[in-house]
Amino acid sequence: MGAYRTLDFVINDILNAVNPQQQDWVIRCQIIDELRRVIESVESLRGATVEPFGSFVSNLFTRQGDLDISVQLPNGSYISAAGKKLKQALLGDLLKALRQTGRWRRLQFIAHARVPILKIESKNSSISCDISIDNLHGYIKSKFLLWISEIDGRFRDMVLLVKEWAKCHDINNPKTGSFNSFALSLLVIFHFQTCAPAILPPLRDIYPCSAVDDLQGVRADAERRIAETCAANIARFKSSISKPNQSSLSELFISFLAKFSGLNLKAPELGICPYTGQWEEIKNNMRWMPQTYALFIEDPFEQPENTARAVSSRQLKRISEAFEITHHRLTSNSQNRSAVLAALVRPHEVQFLTRTPVTNGSYNGGRLNNTSWNQRALTSPSPVQNQHRRVKNNHQGPAPSFAHNSAVPKPHHHPSKDSTRQTPSQQHQNKPRQMWKPRPSREIVDE
């Protein structure tokens, strides 16, 4: 661990900076409430509910993270499945209603995407939202990631770190031919599966088939079956661990970079399969044939979908170079704080990790003005935070659960500021700091 002492401290500072705080949760809950009121005013969406999913539900979002919203159409207790044309029409109606409010900007209707999306940004908070219709598939994938993060606390920290690093190197944008955030999360899962000893199991050991195929019939029943299966298998895996992996987060990040260096050379022949937890030969996998993608990262919850389908051949080479260059920089003998920061975060964010705070900054989509990110990340618990803890203690149930009050994740954590002075086993064996989560409002949980 001593070999990466500078990296240890920098990673801890980055996690403190990007980790969502009370205001980040409150702002997103307010946005959800606002959208619910707008949707209630749209005649064609009467009876529809607003359900967050994505990183907000999986608790893998950063302070600047977008908000994913699914508008679930009324279908009694059964799972609804609107066709693409209907989704396009309904999003068009919603677009008109949002424009009339004057409270949103940068409205963009991507009607012909694989999943039609309406992109908007709140004028008050600068938080971007992606709105889709009946995206229960996205919701269940978010829940799987939440459950996986409960196996080992390092998973969540690693995903947040990898997202920041990917943004720094401009490889977290499917519009330009690189990764989406879900694919990055799957890369972290795959890395944790292929460590020695493994931190995570093959995902077939958590759920033995394609989960989205089982989303049929009565929604509550389908979700309960999936949740109970996952809970039992996760408990079985955790109880079977005889030799836990004690690598520090910095060691895991270095090996992550090493593992995917030269990815462009492997990609023509090998696909990444978190379902089996190993590299798979494309020519021997009939689900993936014919291979028409530059890179294959199979969606373990919706096989054989490729989560890296947006990655282009040109960008794949640049992605591989980002892995290689960062690995070289972080393992060089001339390692210093400035060099490490430059390799991990964007230039405009470095200043917030190094400057002395001057005055309190205003909220701007998780971006701070005139205030150190670190200072904001270390704010003390508020009365609202203590209230949430009391509510949580009164409402805890069996885990994992698809109960509708789980749309807002349970408390999760990341290492304390002094964690880099601890041994790897002390640092990451699920003894993290309490994080504030909002008390779920009836508008959010009534899904």
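The values are calculated or read from the model by the stated rules, or taken from the named source; none is laboratory data. What you see is a predicted model, and the numbers here were worked out from it, not measured in a lab. As a convention, Cβ positions derive from the backbone with ideal geometry for all residues, glycine included, and neighbour counts pool all protein chains shown.
If the condition is being in contact (Cβ under 8 Å) with a residue 24 or more places away in the chain and either in contact with a helix residue (DSSP H, G or I) (Cβ under 7 Å, 6 or more places away or on another chain) or of a type in the set (S, T, N, Q) (or both), then region 280-302 contributes 294, 295, 296, 297, 300, 301, 302.
Scanning for something touching a Leu at 6+ places or on another chain (Cβ under 7 Å) and crowded, with 21+ Cβ neighbours inside 10 Å, does region 3-10 turn up at least one residue? The answer is yes, given that some residue of region 3-10 is touching a Leu at 6+ places or on another chain (Cβ under 7 Å) and crowded, with 21+ Cβ neighbours inside 10 Å. Filter region 199-226 for residues that are among the aliphatic types (A, V, I, L, M) and closer than 21 Å to residue 277 by Cα; which is surrounded by the fewest Cβ atoms within 10 Å (Cβ to Cβ)? Among residues in region 199-226 that are among the aliphatic types (A, V, I, L, M) and closer than 21 Å to residue 277 by Cα, the one surrounded by the fewest Cβ atoms within 10 Å (Cβ to Cβ) is 212. Go through the residues of region 76-87 one by one and say whether even a single one is hydrophobic (A, V, I, L, M, F, W, C), closer than 20 Å to residue 175 by Cα and in a loop (DSSP other than H, G, I, E, B). No, that holds for no residue.
Residue 59 - would you say it is of a type in the set (S, T, N, Q) and either on the phi > 0 side of the Ramachandran plot or buried (at least 21 other Cβ atoms within 10 Å of the Cβ) (or both)? Taking the combined requirement at face value, the residue satisfies it. Residue pairs whose Cβ atoms lie under 6 Å apart, sitting 6 or more positions apart in sequence or on different chains, and linking a residue in region 168-181 that is surrounded by 22 or more Cβ atoms within 10 Å (Cβ to Cβ) to a partner that is not aliphatic (A, V, I, L, M), are 171/178; 171/179; 178/315; 179/172. When residue 231 is tested against (1) under 30 Å from residue 328 (Cβ atoms); (2) surrounded by fewer than 19 Cβ atoms within 10 Å (Cβ to Cβ); (3) of a type in the set (A, V, I, L, M), just one condition goes unmet, and that condition is (1). For region 321-342, which residues satisfy the criterion of being surrounded by fewer than 15 Cβ atoms within 10 Å (Cβ to Cβ), under 12 Å from residue 6 (Cβ atoms) and free of Cβ contacts under 8 Å to residues at least 24 places away in the same chain? The answer is 332, 333, 334, 338.
Inspect all residues belonging to region 179-192 and state whether any of them is within 16 Å of residue 234 (Cβ to Cβ) and touching a Phe, Trp or Tyr at 6+ places or on another chain (Cβ under 8 Å). Yes, region 179-192 contains a residue that is within 16 Å of residue 234 (Cβ to Cβ) and touching a Phe, Trp or Tyr at 6+ places or on another chain (Cβ under 8 Å). Residues that are touching an Asp or Glu at 6+ places or on another chain (Cβ under 7 Å) and of a type outside the set (Val, Ile, Thr) number at least 3 in the following helices (runs of 4 or more DSSP H) confined to region 94-194: 136-149.
Can you find a residue in region 98-115 that is of a type in the set (A, V, I, L, M), over 25 Å from residue 226 (Cα atoms) and buried (at least 18 other Cβ atoms within 10 Å of the Cβ)? Scanning region 98-115 turns up at least one residue that is of a type in the set (A, V, I, L, M), over 25 Å from residue 226 (Cα atoms) and buried (at least 18 other Cβ atoms within 10 Å of the Cβ). Annotation: of all residues in region 234-243 being in a helix (DSSP H, G or I) and over 21 Å from the mean Cα position of the chain (by Cα), the one that is surrounded by the most Cβ atoms within 10 Å (Cβ to Cβ) is 237.
Checked against the criterion of being closer than 29 Å to residue 250 by Cβ and among the aliphatic types (A, V, I, L, M), the candidates 159, 115 yield just one match: 159. Considering region 54-75, and only residues there that are within 8 Å of the chain's Cα centre (by Cα) and of a type outside the set (Phe, Trp, Tyr), the residue that is nearest to residue 18 (Cα to Cα) turns out to be 60.
Looking at region 330-340, is at least one residue outside any loop (DSSP other than H, G, I, E, B), at pLDDT below 95 and either within 30 Å of residue 230 (Cα to Cα) or within 22 Å of the chain's Cα centre (by Cα) (or both)? Checked against the condition, which is being outside any loop (DSSP other than H, G, I, E, B), at pLDDT below 95 and either within 30 Å of residue 230 (Cα to Cα) or within 22 Å of the chain's Cα centre (by Cα) (or both), region 330-340 yields no hits at all.
Of all residues in region 262-295, those that are under 12 Å from residue 190 (Cβ atoms), part of a loop (DSSP other than H, G, I, E, B) and touching a Ser or Thr at 6+ places or on another chain (Cβ under 9 Å) total 2.
Considering the conditions (1) free of Cβ contacts under 8 Å to residues at least 24 places away in the same chain; (2) more than 18 Å from residue 146 (Cα to Cα); (3) surrounded by 15 or more Cβ atoms within 10 Å (Cβ to Cβ); (4) not basic (Lys, Arg), residue 246 is excluded by exactly one of them, (1).
Among the candidates 23, 30, the residue that is closer than 23 Å to residue 157 by Cβ and either part of a helix (DSSP H, G or I) or among the aliphatic types (A, V, I, L, M) (or both) is uniquely 23.
Residues considered: 30, 72, 22. Of these, the only one that is closer than 23 Å to residue 149 by Cα and either of a type outside the set (Val, Ile, Thr) or surrounded by fewer than 23 Cβ atoms within 10 Å (Cβ to Cβ) (or both) is 22.
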